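Student: Attaching a single structure in structure tokens format; questions to follow.
Read-outs: derived from the displayed coordinates by stated rules, not from any lab. Only a predicted model underlies this, so the values are computations on that prediction, with no experimental measurement involved. As a convention, Cβ positions derive from the backbone with ideal geometry for all residues, glycine included, and neighbour counts pool all protein chains shown.
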Amino acid sequence: MARVYNFSAGPSMLPLPVLQRAQQDLVDYQGCGQSVMEMSHRSSQFMAIAQNTQDALRRVLNVPSNYRIGFFQGGATAQFAAVPLNLMNGGCADYLLTGQFSTKAAKEAAKFGTVHVAADTKDIGYTRIPDVDTLKWTPGAEYIHICENNTIYGTRFPRVPQVPGVPLVADLSSCILSRPTDVSRYGVIYFGVQKNVAPAGMAVVIVREDLLGRAAPNTPVLLDWKTVIDADSMYNTPPCWCIYMMGLVLEWIEQDVGGLAAMEQRNNEKARLLYDFIDRSDFYTNMVYPPHRSIMNVTFTSPSKELDAKFCAQAAQAGLVNLKGHRSVGGMRASIYNAMPLEGVQALVTFMEQFQRENQ
Ligand SMILES: Cc1ncc(COP(=O)(O)O)c(C=O)c1O
């Protein structure tokens, strides 16, 4: 079996034991004579799978009992609209623009209410996170929105804003489950699952109970958090396969890795290896202010666009795939999510050393 190291920003690698387990169960799930892909979502087998996934997320992420969890279709992008529809209440919200996804979220929210841009780091190429202690917040804002890890630029908030009485709403699509998270700091956490959690096709919302039930009357029913969550995420047919796979990934984190503290240690080790190598090199460059570097998405360039293209092509031939940077920024990006083993990053560094020797 020849598997590559896949550095894609999402959909991305899944842990091999998870894929193998899914393969084992594919045709006949635990002796019930059918695949999870064929089951009625109302069957006792599938209801147990969905409950198990939700319970596992609560356990692994240590979600407090006053938070509810929902599974939604439409990815994180649908939640860009769901957030204002559920929370804005005809009022306004503060948005921090630290990259492309938070900017898209703000643009979507502006369709439903007033968006105040509390910070925008576009003019510095999104290479830093604004200092949340010096920002001016709008009095009476319904919430503050951030994207905690910026997938395209490879930055991460070193600290999240905390304003008394104003819920923090955070897009954690590209960093969820990468480390322990104090959920009580957030009013709402949402994420698309296709990076650290499951195959593409679902977003998860974790919402503090008191923030439910405020949706605007014209909210489409599938974006109404309370309606979907009150129906145990089965208001309509849910993304059954995603929910099942997410359960397997959580089991892998819990049992094979040893929980989120151990996951963070692994992720820090991988990121350190790569950043230390880039920082020592006089050939590769990472533009991000070091304290704001992401441990999930590592961006870098070689001395020229031509060498960047050559790098990506040769890396792919060596089994290191999807290293091309986002089309809006160019260069390279290594997404080293939870499922990327340390060996994958070691192989990348070895390749980078060799490429440098041959092209400097
Ligand atoms: C941080 C972040 N937010 C939102 C999105 C959009 O997610 P989706 O494709 O699930 O709508 C992405 C996709 O890569 C992302 O990285």
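Student: If you scale each eigenvalue of the Cα gyration tensor by 5 and take the root, what three semi-axes come out for region 16-117, rounded to whole angstrom and sorted largest first?
Tutor: Numbers: eigenvalues 278, 48, 40 Å².
Equivalent-ellipsoid dimensions as semi-axes: 37, 15, 14 Å.
Student: Another question, then. How much FRET efficiency would the formula 1/(1 + (r/R0)^6) give for Ser40 and Ala110, where r is the Cβ-Cβ distance and R0 is 35 Å, rounded to 0.05? Before the final figure, lay out the partial values.
Tutor: Details: r = 40 Å, r/R0 = 1.15.
Step by step, r from the Cβ atoms, then E = 0.30.
Student: What does DSSP give for region 16-256 in terms of the percent of beta bridges that are antiparallel, rounded to the nearest 5? Provide the component values of the computation, followed by the final result.
Tutor: Details: 14 of 29 bridges.
Looking only at bridges with both residues in region 16-256, the antiparallel portion is about 50 percent.
Student: Of the listed pairs Lys195/Lys324; Lys195/Lys305; Lys111/Lys226; Lys107/Lys136, which have alpha-carbon separations greater than 24 Å here?
Tutor: On the way: Lys195/Lys324 16 Å; Lys195/Lys305 27 Å; Lys111/Lys226 21 Å; Lys107/Lys136 20 Å.
Listed pairs above 24 Å: Lys195/Lys305.
Student: Contour minus end-to-end for Asn268 and Gln30, with contour as 0.36 nm per residue of separation and end-to-end as the Cα-Cα distance?
Tutor: Values: separation 238, 0.36 × 238 = 85.68 nm, distance 3.63 nm.
Result: 82.1 nm gained on full extension.
Student: Also, I was wondering about something else. Diagonalise the Cα gyration tensor of region 254-354 and give the resulting equivalent ellipsoid semi-axes, square root of 5 times each eigenvalue, largest first, whole Å. Spell out each step's value before the answer.
Tutor: Working: eigenvalues 113, 45, 29 Å².
Those come to 24, 15, 12 Å.
Student: Additional query: Within a 10 angstrom radius of the beta carbon, how do Asp123, Asp308 rank from fewest other beta carbons to most? Don't skip to the answer; put the middle values down first.
Tutor: On the way: Asp123 6, Asp308 19.
Listed from fewest to most nearby Cβ atoms, that is Asp123, Asp308.
Student: Also, quick follow-up: In the chain, if every C-alpha pair distance is counted and binned at 10 Å from zero, what percent goes to each bin?
Tutor: Spelled out per bin, shortest first, that is 5, 24, 31, 25, 12, 2, 0.
Student: In nm, to one decimal, how far is the Val117 label point from the Asn62 one, both placed 7 Å along Cα→Cβ?
Tutor: Inter-label distance under the simple model: 3.7 nm.
Student: Per DSSP H run of n ≥ 4, the term is -39500 (n - 2.57); total these for the chain, divide by its residue number, and report the mean residue ellipticity at 222 nm rounded to 500 deg cm²/dmol.
Tutor: On the way: 9 runs with 120 residues, N = 360.
Helix-only estimate at 222 nm: -10500 deg cm²/dmol.
Student: Still on this structure, please answer the following. Working out 0.36 nm times the residue gap between Ala309 and Thr237, then minus their Cα-Cα distance, what length gain in nm do you get to one decimal? All intermediate terms of the calculation are to be shown ahead of the outcome.
Tutor: Values: separation 72, 0.36 × 72 = 25.92 nm, distance 4.30 nm.
Length gained, Ala309 through Thr237: 21.6 nm.
Student: Using unit Cβ charges (K, R positive; D, E negative) and no other charged atoms, how large, in debye to the nearest 20, is the dipole of region 16-256 about its Cα centre?
Tutor: Values: 19 positive and 22 negative charges, 83 e Å.
In debye, rounded to 20, region 16-256 gives about 400.
Student: Arrange the following residues from fewest to most other Cβ atoms within 10 Å of their Cβ: Glu209, Glu254.
Tutor: On the way: Glu209 13, Glu254 16.
Placing the least packed residue first, the sequence is Glu209, Glu254.
Student: How many nm is it between the label spots at Asp55 and Arg357, if each spot is 7 Å from the Cα in line with the beta carbon?
Tutor: Taking the simple label geometry, Asp55 and Arg357 are separated by 5.4 nm.
Student: At R0 = 25 Å, how high is the FRET efficiency between Leu222 and Ala261 if r is their beta carbon distance? Nearest 0.05 is fine. It would help to have the intermediate numbers written out before the result.
Tutor: Values: r = 35 Å, r/R0 = 1.41.
For Leu222 and Ala261, the calculated efficiency is 0.10.
Student: Restricting to Cα pairs below 8 Å that are 6+ residues apart, what does the relative contact order work out to for the chain? Please round to a whole percent. Kindly include the intermediate steps, with their values, before the conclusion.
Tutor: Working: 665 pairs, mean separation 84.6, N = 360.
For the chain, the relative contact order is 23 percent.
Student: Please compute the modelled spin-label separation between Asp282 and Arg159, points set 7 Å along Cα→Cβ, answer in nm with one decimal.
Tutor: About 3.8 nm, to one decimal.
Student: Based on alpha-carbon positions alone, could you give the equivalent ellipsoid semi-axes of region 189-313 from the gyration tensor, as √(5λ), descending, whole Å? Each step should come with its number before you reach the end.
Tutor: On the way: eigenvalues 293, 72, 48 Å².
Working from the Cα gyration tensor, I get semi-axes of 38, 19, 15 Å.
Student: Also: Calculated FRET efficiency, Gln20 and Gln317, Cβ-Cβ r, R0 22 Å, to nearest 0.05?
Tutor: Working: r = 27 Å, r/R0 = 1.21.
Efficiency, rounded to the nearest 0.05: 0.25.
Student: Residue farthest toward the positive end of the dipole of the chain, with Cβ of Lys/Arg at +1 and Asp/Glu at -1: which of Ala50, Pro303, Leu85?
Tutor: Toward the positive end, the furthest listed residue is Pro303.
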